[in-house]
1. What FRET efficiency, computed as 1/(1 + (r/R0)^6) with R0 = 35 Å and r the Cβ-Cβ distance, is obtained for residue 138 and residue 81, rounded to the nearest 0.05?
2. Reported to two decimal places, what Rg/Rh ratio describes the chain when computed on Cα atoms with Rh from the Kirkwood expression?
3. Between the stretch 106-146 and the stretch 66-91, what is the separation of their alpha carbon centroids in Å?
4. Per residue, how much accessible surface does the chain expose to a 1.4 Å probe? Answer in Å², no decimals.
5. In nm, give the distance between the simple-model label positions of residue 119 and residue 22, each being 7 Å from the Cα along the Cα-to-Cβ direction.
6. Take the solvent-accessible surface of the protein heavy atoms, probe 1.4 Å, and return the percent of it on the chain that carbon and sulfur atoms account for.
Amino acid sequence: MTSSNYDTLVARKRINVVRPGKGLGNYALIAVDSLPKRFLDKIDSVCISPFASWVKANYTLNQQALGFYMDSFLCGKKISCTMAISLAVNASLLDLLIKITSSPRISAILFGGKIDWETVCGFLATNRSRYGHTLPLSRFRLRDKLQSYQRSGLSSLISGKFGNQNARKE
């Protein structure tokens with residue numbers, strides 16, 4: 001990124017400057033999520049973790065989950081299209097986590113043995129806007145969500161507040 005390109009992006013508020021690089025020897029800190037896609041692709045190609053590259057290579061939208069959430073008879077509740085897609089993305093990412101936890105070989109390749117839940121939560125936090133998921137970012141809550149998904153299946157991702165009369169806006 002050239003200096004003039006940086007100045008233009010800052011002036012147009014296309015990037016989020018966390019700390020300006022004013023003063024002698026100081027450098028600017030920019031929020032990575034606010035960078036344009038062309039720069040994000042270059043950053044990902046240079047400094048990507050094995051876990052992130054594995055998820056990007058193996059991620060596919062769970063079509064069964066999408067069909068489940070779109071059908072109000074199966075689901076039990078009428079869900080909008082955007083909410084159904086968001087829940088299907090959550091199910092897809094949880095399916096990948098189940099694949100990692102159930103296979104010691106994959107977890108050994110990605111994490112060197114035991115699963116590092118902090119790395120998983122960090123990946124989910126930085127890629128929340130890219131995938132559009134609503135999974136918890138705390139490692140304990142994420143593990144609880146994963147366990148309830150393994151026990152109850154797709155219906156565990158639907159919030160109890162969804163469709164409730166008290167949650168309705170008037």
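The values are calculated or read from the model by the stated rules, or taken from the named source; none is laboratory data. Everything quoted here is computed from the prediction, not taken from an experiment. All Cβ positions, even for glycine, are placed from backbone atoms using ideal geometry, and neighbour counts span all protein chains on display. Surface areas here come from the heavy atoms of the whole protein model, side chains and all, with no ligands, DNA or RNA. Shrake-Rupley method; radii C 1.70, N 1.55, O 1.52, S 1.80 Å.
1. 0.80
2. We get a ratio of 1.05 for the chain.
3. About 23 Å separates the Cα centre of the stretch 106-146 from the one of the stretch 66-91.
4. For the chain, the solvent-accessible area averages 65 Å² per residue.
5. Label at residue 119, label at residue 22, 4.0 nm between them.
6. Answer for the chain is 55 percent, counting heavy atoms of protein chains only.
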